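First the structure, in the form of structure tokens, and then the observations on it.
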There are 2 protein chains.
Amino acid sequence: MPHDPPRRDRLRTPALVLDLDALERNIATMVATAKAAGVALRPHAKSHKCPEIARRLAASGALGPACATIGEAEAMAAAGLGGILITSPMATDDMLARVRRLLLRGADLLLVADHAGNVDALDALAAAAGRRLSIIVELDVGVGRTGCIEIADAVALARHIAGHKPLRFAGIQGYYGNLQQVMPFDERQQRAAAQIERIRALVAALTAERLKPEIITGSGTGTHWIDAQSHLFTELQPGSFLFLDSCYQPIPLSPAGNPFTPALFVAAGVVTANHPTKVIVNAGWKAFATDSGKPVPLRGAPAGATYRYMGDEHGAVEFESGPAPALGAVIELLTSHCDPTVNLHARYQVVRGEAVVDEWPIAARGY
Amino acid sequence: MPHDPPRRDRLRTPALVLDLDALERNIATMVATAKAAGVALRPHAKSHKCPEIARRLAASGALGPACATIGEAEAMAAAGLGGILITSPMATDDMLARVRRLLLRGADLLLVADHAGNVDALDALAAAAGRRLSIIVELDVGVGRTGCIEIADAVALARHIAGHKPLRFAGIQGYYGNLQQVMPFDERQQRAAAQIERIRALVAALTAERLKPEIITGSGTGTHWIDAQSHLFTELQPGSFLFLDSCYQPIPLSPAGNPFTPALFVAAGVVTANHPTKVIVNAGWKAFATDSGKPVPLRGAPAGATYRYMGDEHGAVEFESGPAPALGAVIELLTSHCDPTVNLHARYQVVRGEAVVDEWPIAARGY
């Protein structure tokens, strides 16, 4: 189907709209923060799932993309990106077979492990692929998800890796995803500091065993400033700063506030205009992630309008006073949780001001 | 990427698993209920978004697919399906242009309208396409979403349609989506009965104006039995009965209970097995719809295990006693809300017992 809408207010709906000016500002701001603190960036591709954005980040000096899934890593490698860190363990037979294929194709990969059985499987595939494989040991820093639970477990796993010829112990990962949106800022900082101390203890224990980690990776948009100031991490993995969704928008990300600008919106069309104080738009549970909060109507909506989910394909934009949007009009809404919202769409409609200037495929959508 | 996993317990994860035996039983049960009541079926494709399933329904006697979006209608028409009813107003310029293209290609389409301005636009495009277009007037039956609000509005709109030569007034639609999961059954039945009386009043008012509706369409899985027994509707639009998600599973759908069987699961792989009473799987907010309830771990999980969301790509399968699933094992979970969960995946892995027997693209995924 041909699809070249030239104007932002006439987009095919629902559409995922990316404001390029805001994106470029957000990247420049994050790059400046990292540079000032002397820490590298490996921004997380689970947020954007888009090789074009990963390329722009690499051109701004990023080490490469962090990826949550093997599918994201495949999409990034296929687009010619290097420095790919898969931040979650590759543990099923299918994942391991796909890692092997990536290695055979020469992909520049870093993997994470949290279990000796997993390390043994990676050892076998590295040997079979005839490539040395760099492995990062993950420490669970209070999330209760992936990672070694105790510092001693992480040290033992690093030792286990170092004992396998085809493998190289490359460093450690600790990501406190549960702290990213803790309010107020002081509490976030204190709780992150406690985990930073645990990671320092792991570094000390490894160093005592002549396994000093070269890479110390982790962090996210919510703690990126805190983690940069810790001078512990060698690299940071933020992703949401690119878009600044409605979850992150009210959150101070440094003592000076929030330096990022909303860049990601969903454009929806008015399909019913029979009510005095609301219109019905064609964007519902299938156009927005519903796990955290609600989208916020902005462009094309009366000031102060709010959004209410009304099923799979519909929502209500409600307002106290008009003028009401017309039947067929396009309204843009700030997304609630950016990562799973991006995952619902096939492409970004890239805009500057009123113009649609490009269309970027979300190549790693889904898995 | 080649992708031919022969066995259900070795699927690439996350995968959307469709149990073909259960699907066939669910279709046969719904067909028998409709036949016994003398009502036709136009099952809703917004649930399955898959031409192969629409074809099987048509082969079982369905009139054609109901579609929520123009994208679904395009996918169904491209697959050669007729009897397509788009159940939501086509009101933006883009939607209207795409309807016109479908008409020019000879698609067998029925459209819904709730506004005179929308009817005028449809009139213009039908004239331009040189095709007569059948329009169904929607009445809002208590949802507050799409549809004419008052019976008099719906009658006026039917008259408006009848006054346009390129258009044909084909009937009415009333869908109480808000009642589909009301418990207990008696309350659902009473509240549906009140809306059925409103639709009967609309039929009477239209008949008095010599605009007796040929088609009376609506209904869903939750009220299909009630609506079939009403002998008001000429056709029913259920969709979720195909899959029976964890929202619908506990709901009695007739006085005799729930005659459908769960058919849709997400297969997830164990990526971390470091905890005594849980494993971490690679399916989170991006693999399950999160708007209603949680998935339920079944195959491969200890009896009584529960699921907890742990972010975009992860969840915890928690249990009191083992044996714990092994690292790399595949666990299947009953989906929570089927429609938006299907929309997250590119294809169904179709299984019979332990065998993966086919792969069906979800052609209308997204928009």
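The values are calculated or read from the model by the stated rules, or taken from the named source; none is laboratory data. Bear in mind the structure is a predicted one, so any value in this text is a computation, not a measurement. Virtual Cβ from ideal backbone geometry, glycine too; neighbours counted across all protein chains shown. Heads up: the accessible areas ignore ligands, DNA and RNA and are worked out on the full protein's heavy atoms, side chains in. Shrake-Rupley method; radii C 1.70, N 1.55, O 1.52, S 1.80 Å.
For the subset of segment A:289-302 comprising residues that are surrounded by fewer than 19 Cβ atoms within 10 Å (Cβ to Cβ) and out of contact with any Ser or Thr (no Cβ under 9 Å at 6 or more places or on another chain), which member is farthest from the other protein chains (Cβ to nearest Cβ)?
The residue in question is A:Leu298.
Look at segment A:136-154 and say how many of its residues are over 21 Å from the mean Cα position of the chain (by Cα) and more than 10 Å from every other protein chain (Cβ to nearest Cβ). Don't jump to the end; show me each part of the working.
As a first pass, look at segment A:136-154 and keep what is over 21 Å from the mean Cα position of the chain (by Cα): A:148-154.
Filter again for more than 10 Å from every other protein chain (Cβ to nearest Cβ), leaving A:151-152, A:154.
Selection size over segment A:136-154: 3.
Within segment A:276-286, can you find the residues that are surrounded by 24 or more Cβ atoms within 10 Å (Cβ to Cβ), more than 8 Å from chain B (Cβ to nearest Cβ) and in contact (Cβ under 8 Å) with a residue 40 or more places away in the chain?
A:Val279, A:Val281, A:Ala283
Enumerate the pairs (first residue in segment A:334-355 and more than 18 Å from A:Gly239 (Cβ to Cβ); second residue anywhere and crowded, with 24+ Cβ neighbours inside 10 Å and among the small types (Gly, Ala, Ser)) with beta-carbon separation below 8 Å, excluding pairs fewer than 6 apart on the same chain, so at least 6 apart or on different chains.
Listed pairs, sorted by first residue: A:Gln349/A:Ala15; A:Gln349/A:Ala267.
Are any of the residues in segment A:199-220 within 14 Å of another protein chain (Cβ to nearest Cβ), touching a Pro at 6+ places or on another chain (Cβ under 7 Å) and in contact (Cβ under 8 Å) with a residue 60 or more places away in the chain? Quick ask: steps written out before the conclusion?
We begin by selecting, within segment A:199-220, every residue within 14 Å of another protein chain (Cβ to nearest Cβ); these are A:220.
Narrowing the set further to residues that are touching a Pro at 6+ places or on another chain (Cβ under 7 Å) leaves A:220.
Restricting the remaining residues to those that are in contact (Cβ under 8 Å) with a residue 60 or more places away in the chain gives A:220.
Yes: one or more hits.
Among the residues of segment B:85-139 satisfying the criterion of being part of a loop (DSSP other than H, G, I, E, B), over 21 Å from B:Ala75 (Cα atoms) and in contact (Cβ under 8 Å) with a residue 24 or more places away in the chain, which is most open to solvent (accessible area, probe 1.4 Å)?
Ranking the qualifying residues of segment B:85-139, first place goes to B:Arg132.
Quick check: is even one residue across segment A:200-218 small (Gly, Ala, Ser), touching a helix residue (DSSP H, G or I) at 6+ places or on another chain (Cβ under 8 Å) and surrounded by fewer than 20 Cβ atoms within 10 Å (Cβ to Cβ)?
yes
Tally the residues that are in a loop (DSSP other than H, G, I, E, B) and among the hydrophobic types (A, V, I, L, M, F, W, C), restricting the search to segment B:154-209.
Going residue by residue through segment B:154-209, those that are in a loop (DSSP other than H, G, I, E, B) are B:163-166, B:175-176, B:180-184, B:209.
Filter once more, keeping what is among the hydrophobic types (A, V, I, L, M, F, W, C): B:182-183.
Summing the residues that are in a loop (DSSP other than H, G, I, E, B) and among the hydrophobic types (A, V, I, L, M, F, W, C) in segment B:154-209 gives 2.
Of the residues in segment B:332-341, how many are more than 11 Å from chain A (Cβ to nearest Cβ) and outside any loop (DSSP other than H, G, I, E, B)?
3
Which condition from (1) touching a strand residue (DSSP E or B) at 6+ places or on another chain (Cβ under 9 Å); (2) buried (at least 17 other Cβ atoms within 10 Å of the Cβ) is the one that B:Pro166 breaks?
(2)
Which condition from (1) farther than 18 Å from A:Val281 by Cα; (2) out of contact with any Cys (no Cβ under 8 Å at 6 or more places or on another chain) is the one that B:Ile84 breaks?
Exception for B:Ile84: condition (2).
Check every one of the helices (runs of 4 or more DSSP H) wholly within segment B:1-77 and list those with 2 or more residues that are more than 14 Å from chain A (Cβ to nearest Cβ). Break it down into steps so the answer makes sense when it comes.
Numbers: elements: B:20-37, B:45-48, B:51-59.
Output list reads B:20-37, B:51-59.
Considering only residues that are of a type outside the set (Gly, Ala, Ser) and either under 16 Å from the mean Cα position of the chain (by Cα) or open to solvent by less than 60 Å² (accessible area, probe 1.4 Å) (or both), look in segment A:348-361 and name the one that is farthest from the other protein chains (Cβ to nearest Cβ).
Looking at residues that are of a type outside the set (Gly, Ala, Ser) and either under 16 Å from the mean Cα position of the chain (by Cα) or open to solvent by less than 60 Å² (accessible area, probe 1.4 Å) (or both), I get A:Val350.
Of A:Ala324, A:Ala273, which residue is among the hydrophobic types (A, V, I, L, M, F, W, C), more than 21 Å from A:Leu18 (Cα to Cα), open to solvent by 50 Å² or more (accessible area, probe 1.4 Å) and within 14 Å of another protein chain (Cβ to nearest Cβ)?
A:Ala324
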